[in-house]
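Asks: Mind having a look at this structure? Questions to follow.
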Amino acid sequence: MRNYSYLREERLHYMQDLYTTLNIKRYERMAEQVMSAEKLKFDFGLSKDQEERAELLHADSPVVSFHEHPYVFPVPKEKYLDEYCSLGRLYIGYEGLEAGGLNAVFAGVHFYCRVAQRRPWSWYDLVYSLGMHHTDTLKQKDEKFFIGKSHNDIEYAAKENKVAIIPTSECGDVVGNELDNLDVLYGLGLRALGLTYFHQNQLGGGELDPEAHLTELGIDAIHRMNDLGMMIDLSHTNKFTTLEAIEVSEKPCVITHSLAAEACGLSNYKSDEEIKALAEKGGVFGVKIHGLLQLKKNSAVTIEDALDHIEYIVKLVGVDHVAIGPDTEWGEETEYVKGYRNPSQFLNITRGLVSRGYSDDEIKKIIGGNVIKVMSEIEK
């Protein structure tokens, strides 16, 4: 499949004079998007009938990843990461998204675009990244991919066997002191915004600042996001800000990618109190798969650990409030969750839920239905 932003590097027209040059590098090797069939499937010990049921459910249901960074990185990633991010032409893994059977991916477009500065989260980098994502997606020749902006787009993508890429950002620093920036971002296609990342900002407290609270500007931002129909993502807010934002918001909030602190023993993740408060207001919790690598230091982490975590959330607040937010990309990391290295393996989630005895209706909710429902509520 042709990828516009990557291949155009060799033939991009550019002004050439004494003062301007075009310094865009191609990399000899990019991470593999789709592994062999044997490596793609995790061994759950499913029967033939169970395999057929899982594949049919995956094909006939809207399948949504609530949070990914759908980029393909050069190999080795550690060597080229800063240079690659500074180019602003991140290679979107269209082939891998299609292989995973996804109909929608909430794409964290902001973190890895670092044209303006080496550290993430500048306003310029977010706007630049949104524009590049739009152009790249529009230029895909088979028209299978498009920028998604509503729950109707996800349902359309499922019906027509397409993939909606829905831009998101994890950090509200870009709001600054101007709420109209939210209107601009919504107009540019952003549909979910994290109030904070790790640290406190003008809106509230990040997960590494446990004593900070939601601010007056944060309250105003929540009301503006409610008016716009933009998702309020609390994945990286601390406990105070999480609970206060849920209380203030007139619409459901979401946690697109996190884990339950009580289930994993890591205090920077979400307490049962936060998860229950989220669910009581109609919110949805996306289980983060990549973060599970922190749990076991001396043994391999597998997708079974992710399924254990899904079961914990289901038992805590019910199946109507659970989704999947893996938080992965295409790199060549030496450590990864066996069974879900990148979005091309999303079918393993469905297969695993079949192996755990979930009903068809429950599986449909977890792999996409709950996200569609909460998005429709937020859009009203």
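The values are calculated or read from the model by the stated rules, or taken from the named source; none is laboratory data. If you're wondering where the values come from, they're calculated on a predicted model, not measured in any experiment. As a convention, Cβ positions derive from the backbone with ideal geometry for all residues, glycine included, and neighbour counts pool all protein chains shown. The area values use the complete protein model at the heavy-atom level, side chains included, leaving out ligands, DNA and RNA. Shrake-Rupley method; radii C 1.70, N 1.55, O 1.52, S 1.80 Å.
Asks: Ignoring ligands, DNA and RNA, please state the percent of accessible area on the range 252-316 from carbon and sulfur, probe 1.4 Å. Could you put the intermediate results ahead of the total?
Replies: Details: 1150 of 2470 Å².
That fraction is 47 percent.
Asks: So for the range 245-380, averaging the separation of alpha carbon pairs under 8 Å that are six or more residues apart and normalising by length, what relative contact order in percent results? Could the numbers behind the result be given before it?
Replies: Values: 201 pairs, mean separation 34.9, N = 136.
26 percent.
Asks: Quick query: amide H of Thr237 versus all other amide H atoms, modeled in the peptide plane; which residues come in under 5 Å with a sequence gap of 5 or more or a different chain?
Replies: Close amide H contacts, sequence-distant or interchain: Thr196.
Asks: With 14 Å as the cut-off, how large is the P(r) tail for the range 141-207, expressed as percent of Cα-Cα pairs? Kindly include the intermediate steps, with their values, before the conclusion.
Replies: Details: 1401 of 2211 pairs.
Considering the range 141-207, 63 percent of its Cα-Cα pairs are separated by more than 14 Å.
Asks: Another one. Write down the Å³ per residue value for the convex hull defined by the alpha carbon atoms of the range 235-380. Kindly include the intermediate steps, with their values, before the conclusion.
Replies: Working: hull volume 15.6 nm³, N = 146.
Residue-normalised Cα hull volume stands at 107 Å³.
Asks: Which peptide among 90-98, 37-45, 104-112, 72-80 comes first, and what is the full order, when sorted by highest mean count of other Cβ atoms within 10 Å?
Replies: 104-112, 90-98, 72-80, 37-45
Asks: If you don't mind, there's one more thing I want to ask. To the nearest 20 debye, what charge dipole does the chain have about its Cα centre, counting +1 at the Cβ of each Lys and Arg and -1 at the Cβ of each Asp and Glu?
Replies: Values: 41 positive and 60 negative charges, 197 e Å.
Dipole of the chain, to the nearest 20 debye: 940 debye.
Asks: Still on this structure, I have one more. Of the candidates Ser258, Ser150, Ser267, which one comes out as most mobile in a Gaussian network treatment of the chain with C-alpha springs shorter than 10 Å?
Replies: Of the options given, Ser267 has the highest mean-square fluctuation.
Asks: Let me ask another. What is the magnitude of the charge dipole of the range 98-207 about its Cα centre, with +1 placed on the Cβ of each Lys and Arg, -1 on the Cβ of each Asp and Glu, and no other charges, expressed in debye to the nearest 20? Numbers along the way, then the final one.
Replies: Working: 10 positive and 14 negative charges, 60 e Å.
Charge dipole of the range 98-207: 280 debye, to the nearest 20.
Asks: Where a ≥ b ≥ c are the square roots of the eigenvalues of the C-alpha gyration tensor, would you call the range 79-194 rounded, which needs a/c under 1.5, or, failing that, prolate if a/b is larger than b/c, or oblate? List each step's numbers first, then the result.
Replies: Values: a/c = 2.30, a/b = 1.33, b/c = 1.73.
Oblate.
Asks: Still on this structure: Counting DSSP beta bridges in the chain, what percent are antiparallel, to the nearest 5? Kindly include the intermediate steps, with their values, before the conclusion.
Replies: Working: 4 of 30 bridges.
So the antiparallel bridges in the chain amount to around 15 percent.
Asks: At 1.4 Å probe radius, can you tell me the per residue accessible area of the chain in Å²? Numbers along the way, then the final one.
Replies: Numbers: 16230 Å² over 380 residues.
That works out to 43 Å² per residue.
Asks: Distance between Cα centroids, the range 82-99 to the range 314-380: provide it in whole Å.
Replies: Taking the Cα centre of the range 314-380 as reference, the centre of the range 82-99 is 22 Å away.
Asks: Here is a follow-up. Number of Lys pairs in the range 47-182 with C-alpha atoms less than 24 angstrom apart, excluding same-chain neighbours closer than eight positions?
Replies: 10
Asks: So what are the three principal axis dimensions of the chain from its Cα atoms, in whole Å, longest to shortest?
Replies: 66, 54, 43
Asks: Let me ask something additional. Rounded if a/c is under 1.5, else prolate if a/b is larger than b/c, else oblate: which is the range 155-302, with a ≥ b ≥ c the root eigenvalues of its Cα gyration tensor? List each step's numbers first, then the result.
Replies: Numbers: a/c = 1.76, a/b = 1.16, b/c = 1.51.
Since a/c reaches 1.5 but b/c is at least a/b, the shape of the range 155-302 is classed as oblate.
Asks: A further question follows. Taking the Cα centre of the range 255-314 as origin and charging only Cβ (+1 Lys, Arg; -1 Asp, Glu), how large is the dipole, in debye to the nearest 20?
Replies: Working: 6 positive and 9 negative charges, 48 e Å.
Approximately 240 debye in magnitude.
Asks: Moving on to the next point. Given a 1.4 Å probe and the protein chains all in place, what does the accessible area of Asp227 round to, in Å² to the nearest 10?
Replies: 130 Å²
Asks: I need the phi-derived Karplus couplings for the range 56-73: 6.51 cos²θ - 1.76 cosθ + 1.60, θ = phi - 60°, integer Hz, Gly and Pro marked x.
Replies: 5, 4, 5, 7, 9, 10, x, 10, 10, 9, 7, 6, 9, 10, x, 10, 10, 9
Asks: Further question on the same structure: Among Val72, Leu307, His213, whose Cα lies farthest out toward the positive end of the dipole of the chain, if unit charges sit on the beta carbon of Lys, Arg (+1) and Asp, Glu (-1)?
Replies: Among Val72, Leu307, His213, the one farthest towards the positive end of the dipole of the chain is Val72.
Asks: Taking only C-alpha pairs under 8 Å that are 6+ residues apart, what is the relative contact order of the chain in percent?
Replies: Values: 782 pairs, mean separation 74.3, N = 380.
Relative contact order here is 20 percent.
Asks: Report, in whole Å, the centroid distance computed from the Cα atoms of the range 235-304 and the range 44-63.
Replies: Centre-to-centre (Cα) distance: 28 Å.
Asks: Moving on. Could you tell me the largest-minus-smallest coordinate of the C-alpha atoms of the range 274-328 on each of the three principal axes, in descending order and whole angstroms?
Replies: 38, 21, 16
Asks: Suppose only helical runs count, i.e. DSSP H with n ≥ 4. What mean residue ellipticity at 222 nm does that imply for the chain under -39500 (n - 2.57) per run, divided by all residues and rounded to the nearest 500 deg cm²/dmol? Intermediate values should be presented prior to the final figure.
Replies: On the way: 16 runs with 147 residues, N = 380.
Computed mean residue ellipticity for the chain: -11000 deg cm²/dmol.
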